[in-house]
Every structure is written in C-alpha cells, then in structure tokens.
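Novice: First the structure, then my questions, so here it is.
We did not get these values from a lab; they are worked out from the coordinates using the rules stated. Here the structure is a predicted model, which is why all the values come from computation and not from measurement. When we count neighbours, we look across all protein chains shown, and the Cβ atoms used for this are built from the backbone with ideal geometry, even at glycine.
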Amino acid sequence: MRRFLFFLFLVTSLFATNPYVAKDFSGLIGQIPGLADELIRMHLTLYEGYVKNINLITDGLKKLQALRQEGGVSFGALKKQWSWEYDGMILHELYFENLAPGGRALEDGPLLKKITDTFKTLDSFKREFKNVGMIRGIGWVVLTCEPIQGNLVINWIDEHNIGELVKGKTLLVMDVWEHAYITQFGLDRGRYIDIFLNNINWDVVTKRVEQSSKKSSLKNPSIVYRKN
Ligand SMILES: [Fe+2]
C-alpha cells in the first residue's frame, strides 16, 4: 500500500502543473522591414527551445523532489538553470510582442510625457537605448519602470537573469544576443538596433504601462529618473 501511495504521489506531482506552451509569433516572419525571414525563423526556433527546456527542467525538479533528493548537486544545478531558462523564455516573448511591421507610433499620453520628461525627446531616448544596446556582451536592453519612485530606467540584462530590476515593470525589450542579428548583420549590431527601433510596437508598450500596478507610476509624470 505504501508503495502504491508513493507511486501515486510521484505521478500526481509530475502532472500537477501544466507545461508552458510556446506562443505563436510566426506572423512576424516576412513582416518586419529590415529583418530577414531566416533570421526571425531561426530566432523563433531558439525561443521554442527555451519553452521546451523550462518544461524539461520543471519535470526534472519534480522527479528529484518526489525522490526526496533536494539536497543534491543535481537539484541545485537544475534550480539555477530553471531561472535562466524561464527568464530567457519570457524576455523573448516580450521582445517579439513589442515588434510590429514598421512600428506603431507612440501617441500623446502619459508614456510619451514620461519619456520626454526623462530623456528630453523620443529621439534622445532612442539614442540612449541604442547606446546601452552597444555595450559589449550578450544580453538584453530593457526600458523598466522602477517600482519605488516610478522612474524610467534603461537597464542592461546580462544573459537572461543578471540585471533585472526586482519588482520593476518591464516595458520595452530588445534582444542583443548575437543570435538576434549576427547571421544577417555580422558585427554591425548598430544597424540591427536601428531596425529594431524603427519597428517598435508602442501600442504594446503603452498597454504594458496601463497594466502596471497603481503604485508604479507613470501616473505621476512629475517623478523623473534624471534631468539633464
Ligand atoms: Fe534571442
């Protein structure tokens, strides 16, 4: 009986949560001016790998927990890898979601006001965003609304999991891993960034602002990150 109960526990714990499912971004292929179909196709395949891996790691952790092997090296390694894969999955989804063919304009409103209060103009914001994107290394450039004062910050994320602002609201995401551009642009990362900036879906970014918590506040545009 005890064996049966243990087996039952093992099986139910393995299937207690639903697996993550890759979102369908295939509509971007052939639709983003300046980004080659093959580049986007490869990038989407790579994103699907993150979804596959997060599910494999989740299952692996459950198996180790069911066997009560949480103290081992394998558990620790998988646990750390889980965060890396998870952040990689989510950052890719945010990145693909904030792309649109030819971009969508940023309309007058709290976000534009906040950006101009912080960076003077939308163009100067883009210049600063690009400057951060040119930092040597692999990672992400993110526009974040930090949660304490509601300031806008352009922050660099190393790989996927080093540099996120805890509790910050992620508004705009750009992938600057080499796989995001090197097969089409070689070492000319700047050209890739220019194309990204021309294809931002500001409607999506604005929605992210609206969905952010009441505390974070783009609702209080008088609070600024920095005035030059
Ligand atoms: Fe990527």
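Novice: Around V205, under 12 Å between beta carbons, what's the net of Lys plus Arg minus Asp minus Glu among the other residues?
Specialist: Values: positive: R104, K114, K169, K207, R208; negative: E97, E107, D203, E210.
Net local charge, V205 excluded: +1.
Novice: If each DSSP helix of 4+ residues adds -39,500 (n - 2.57) and the sum is divided by the residues in the chain, what number results at 222 nm, nearest 500 deg cm²/dmol?
Specialist: Numbers: 8 runs with 114 residues, N = 228.
Rounded to the nearest 500, it is -16000 deg cm²/dmol.
Novice: At A66 and K23, where each label point lies 7 Å from the Cα along Cα→Cβ, what is the point-to-point distance in nanometres?
Specialist: Placing both labels 7 Å along Cα→Cβ, they lie 3.1 nm apart.
Novice: Starting with the highest mean, order 112-120, 170-178 by the number of other Cβ atoms within 10 Å, averaged over the residues of each peptide. Walk me through the numbers before you get to the answer.
Specialist: On the way: 112-120: 18.4, 170-178: 21.2.
Output ranking for 112-120, 170-178: 170-178, 112-120.
Novice: Okay, next question. List the GluC sites (Glu not before Pro) in region 70-147 that DSSP assigns to loop (not H, G, I, E or B) and whose Cβ has at most 10 other Cβ atoms within 10 Å. Which are they? Before the final figure, lay out each step's value.
Specialist: On the way: sites: E70, E85, E93, E97, E107, E128; in loops: E70, E107.
Answer in residue order: E107.
Novice: How large is the direction-averaged shadow of the alpha-carbon convex hull of the chain, in nm²?
Specialist: Numbers: hull surface 59.2 nm².
One quarter of the hull surface, i.e. the mean projection, equals 14.8 nm².
Novice: With viscosity set to 1.306 mPa s and temperature to 10 °C, compute the Stokes-Einstein D of region 110-211, Rh being the Kirkwood radius across alpha carbon pairs; µm²/s, no decimals.
Specialist: On the way: Rh = 14.1 Å.
Value of D from the Cα-based Kirkwood radius: 113 µm²/s.
Novice: What shape does region 102-158 have by the C-alpha gyration tensor, where a ≥ b ≥ c are the square roots of the eigenvalues, rounded means a/c under 1.5, and otherwise prolate means a/b greater than b/c and oblate the rest? Provide the component values of the computation, followed by the final result.
Specialist: Numbers: a/c = 2.02, a/b = 1.36, b/c = 1.49.
Cα axes put region 102-158 in the oblate bin.
Novice: At 7 Å along the Cα-to-beta-carbon direction for both V153 and I135, put a label point, then send me their distance in nm to one decimal.
Specialist: With each label point 7 Å from Cα toward Cβ, the separation is 1.1 nm.
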